[in-house]
Amino acid sequence: MKQKNRQMIIGTVNTPIREIPQVATKLYWGAVKVRWLIGRDHYLVAPGLYATGKPDESSDVFVTANYKLSFDHLRKNLDGIDAWILVLDTKGVNVWCAAGKGTFGTSELVHRIKVTRLGKIVNHRKIIVPQLGAVGIAAHLVKSLTAVCPKPIPGTIKQSQTNINPRILGEIVDHGFRVIFGPVRAKDIKAFIQNRYQTTTEMRTVTFNFSDRIKLLTVDIVYARYKLFAAFAIMFLLSAIDPQGVNLIQAINNGLTAMILITLSYFTGILITPVVLPYIPVRMFAFKGLISGFFLSGILFLTGDLGVGYFGIAAWFLLLPAISSFMTMNFTGASTFTSLSGVKKEMKIFVPIQIFMVSTGLILYIINNLT
Amino acid sequence: MKTMVYIKDVVTLKLNQDKCNGCGMCVKVCPHAVFNIEMGKAEIVKQDYCMECGACALNCRQAAITVLSGLGCGCATGIIENYFAGNRKDCGCSSC
């Protein structure tokens, strides 16, 4: 981690408080590796204050998470701008998800403003937070919690009250930081600055287009791999069953076929369905995955890859759509437009269906081996 | 490209217009342009586009907005992990 930080730091900027590390605004290929979870745990940035270009006391302050990809996106888009970057400690999680969990939140931002002594480094009281951080950051609370008032005259006000709202004292030496919610995407920062720090509806709206979906696929594929291996193991064991007891050759032959079929349905649910997401004319993700899983089963049936036994074919027509349905259902977390209430609703309907299909499918698979 | 819409009529987002002072913060923080300011009051114009992230409710100093937001995203993996691991704060999902 230290070494990673050293690579991106290219100098220092002097301030009245201390020297602030200056980071490069040109990137290398780290972003490719992180999407495949290669060494993802090491992709943390030390929280604190950084500089791009040569900022001074009047320069803008941009807030981000300490997930390296978030940080890199920001500094790349600050190329040519003299600015401060305030990195919050989100345990290496991106802005939006960390905001949902509360780590990219009001208290961490207030804490980070205080420990970096930001109020002494800049002379303005404006701080730009990416809009998706609003899930965790309450702008009005940041302002009152960073406000500073002089010590009360003894007897006029109770000491404890000073922590509630500094404004009640009347005399305020620092009005606190005003949070401005900036654009969702860092690439809009320059347009946002030109627009006099106002976001347009377009800058504020989250999309989920083709390239957004593709970027998320790799993470999901790698993440769910253990479930896939567990399914392989079960199918090898069940394939060993035959009317005479246990048949190892059959276990290997049918187990390998099962492995290929399961892998195909896994990728149908996790890769093909998300890619064609808007073109499957139902709303529930589990239903979308179920439909594409049936399509897959149909194709494999026509090519003869589901075997010849009636029970076996029926088993695969239940198992493959169920797996695909389950995997697509889990893609709700990666999507950017599903609500918690909606996901709960579709799980109430489709989880029982998936369980029924898998259990019936496995029983039919065993019956097929015994007949 | 048109925004994708999820399941209709399930969203828990509610706005109390009597409390609203028309500051427009909800419009500024909403990632799906659910709100609009009309005649000095906020109104919900696209209820079904809401993903229950909770940004509007958190940033409404008038407490005029309520929404059941959970972890800020609708995530089946998170719901499953919470079901088995009890009420953990973290969804444990590495895609977020």
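The values are calculated or read from the model by the stated rules, or taken from the named source; none is laboratory data. For clarity, every value in this text was computed on a predicted model and none was experimentally measured. Virtual Cβ from ideal backbone geometry, glycine too; neighbours counted across all protein chains shown. Just the protein is used for accessible areas: all its heavy atoms, side chains included, with ligands, DNA and RNA removed. Shrake-Rupley method; radii C 1.70, N 1.55, O 1.52, S 1.80 Å.
When only C-alpha pairs under 8 Å and at least 6 residues apart count, what is the relative contact order of segment A:210-370, in percent?
26 percent
Using a 10 Å cut-off on Cβ to Cβ distances, tally the other chain neighbours for every residue of A:202-213 and report the average as a whole number.
Mean shielding count: 3.
Give me a single rounded figure for B:45-57: the average over its residues of other chain Cβ atoms within 10 Å of their Cβ.
5
Rounded to the nearest 500, what is the protein assembly as shown's calculated 222 nm mean residue ellipticity when only DSSP H runs of at least 4 contribute -39500 (n - 2.57) each, over all residues?
Calculated mean residue ellipticity at 222 nm is -13000 deg cm²/dmol.
Efficiency by 1/(1 + (r/R0)^6): what FRET value for A:Ser107 and A:Glu19, r their Cβ-Cβ distance, R0 = 25 Å, to the nearest 0.05?
Details: r = 27 Å, r/R0 = 1.09.
Rounded to the nearest 0.05, the efficiency is 0.35.
Any idea what angle helix A:285-302 forms with the longest principal axis of chain A, computed on alpha-carbon atoms, 0 to 90 degrees, nearest 10?
With both axes taken from Cα atoms, the answer is about 30 degrees.
Given H placed 1.01 Å from N in the peptide plane, which residues other than close sequence neighbours of B:Gly22 have an amide H under 5 Å from its amide H?
Here B:Ala42 satisfy the definition.
Please report the accessible area of A:His124 (heavy atoms, 1.4 Å probe, ligands and nucleic acids excluded) in Å², nearest 10.
A:His124 has an accessible surface of roughly 40 Å² with all protein chains in place.
Counting only protein heavy atoms and a 1.4 Å probe, tell me what percentage of the protein assembly as shown's accessible area is made up of carbon and sulfur.
C and S fraction of accessible area: 61 percent.
Between A:Thr200 and A:Asp56, take the C-beta separation as r, use R0 = 22 Å, and let me know the FRET efficiency to the nearest 0.05.
Taking R0 as 22 Å, the efficiency between A:Thr200 and A:Asp56 is 0.15.
To test your reading of the geometry: what angle, between 0 and 90 degrees and rounded to tens, separates the Cα axis of helix A:210-223 from the longest principal axis of chain A?
70 degrees
Any idea of A:Trp96's accessible area? Nearest 10 Å², probe 1.4 Å.
For A:Trp96, the solvent-accessible surface is approximately 50 Å².
Between chains B and A, what is the buried accessible area summed over both chains (1.4 Å probe, protein heavy atoms, nearest 100 Å²)? Spell out each step's value before the answer.
On the way: alone 7000 and 19770 Å², together 22580 Å².
Interface area, both chains combined: 4200 Å², rounded to the nearest 100.
Rounded to the nearest 10 Å², what accessible area does B:Glu43 show when all protein chains are kept and the probe is 1.4 Å?
Taking all protein chains as shown, B:Glu43 has close to 60 Å².
Output ³J(HN,Hα) for segment A:304-311: one whole-Hz value per residue in order, computed from phi by the Karplus curve 6.51 cos²θ - 1.76 cosθ + 1.60 with θ = phi - 60°, and x for Gly and Pro.
So the J values, rounded to whole Hz, are x, 7, 8, x, 10, x, 4, 5.
Add +1 for every Lys or Arg and -1 for every Asp or Glu among the other residues with Cβ under 12 Å from the Cβ of A:Met203, and state the total.
Every neighbour counted, the sum reads +3.
For chain A, with the dipole built from +1 on Lys and Arg beta-carbon atoms and -1 on Asp and Glu ones, taken about the Cα centre, which of A:Ala322, A:Gly105, A:Val148 lies farthest toward the positive end?
Working it through, the farthest residue towards the positive pole turns out to be A:Val148.
Is there a quick way to get the dipole size of segment B:15-86? I mean about its Cα centre, with the Cβ of Lys and Arg at +1 and of Asp and Glu at -1; what is the value in debye to the nearest 20?
Its charge dipole is roughly 240 debye.
Compute the helix-to-body angle for A:225-239: its Cα long axis versus the longest principal axis of chain A, expressed 0 to 90° and rounded to tens.
Relative to chain A, helix A:225-239 is tipped by roughly 10 degrees.
Let me know the mean shielding of A:134-143 by other chains, meaning the per-residue number of their Cβ atoms within 10 Å of its Cβ.
Mean partner-chain Cβ count within 10 Å for A:134-143: 6.
So if each residue of separation counts as 0.36 nm, and I subtract the Cα-Cα distance between A:Val275 and A:Arg117, what length gain in nm does that give?
On the way: separation 158, 0.36 × 158 = 56.88 nm, distance 4.61 nm.
Contour length minus Cα-Cα distance gives 52.3 nm.
Which entries in the list A:Lys76/A:Lys227; A:Lys187/B:Lys28; A:Lys348/B:Lys28; A:Lys54/A:Lys187 go over 27 Å, if you measure between the two C-alpha atoms of each?
Check vs 27 Å cut-off fails for A:Lys76/A:Lys227; A:Lys348/B:Lys28.
Hey, got a sec? Which trypsin sites (Lys or Arg not before Pro) in segment A:62-120 land in a DSSP loop and have at most 16 other Cβ atoms within 10 Å?
Details: sites: A:Lys68, A:Arg75, A:Lys76, A:Lys91, A:Lys101, A:Arg112, A:Lys114, A:Arg117, A:Lys120; in loops: A:Lys91, A:Arg117.
Of the trypsin sites (Lys or Arg not before Pro), the ones in loops of segment A:62-120 whose Cβ has at most 16 other Cβ atoms within 10 Å are A:Lys91, A:Arg117.
Give me the accessible area per residue for chain A, probe 1.4 Å, as a whole number in Å².
Result: 48 Å² of accessible area for each residue.
How much length is gained on full extension from A:Ser359 to A:Phe294, taking 0.36 nm per residue of separation minus their Cα-Cα distance?
In short, 21.7 nm is gained.
Any residues in segment A:81-124 that have 50 Å² or more less accessible area with all protein chains than in their chain alone, probe 1.4 Å, and which are they?
A:Lys101
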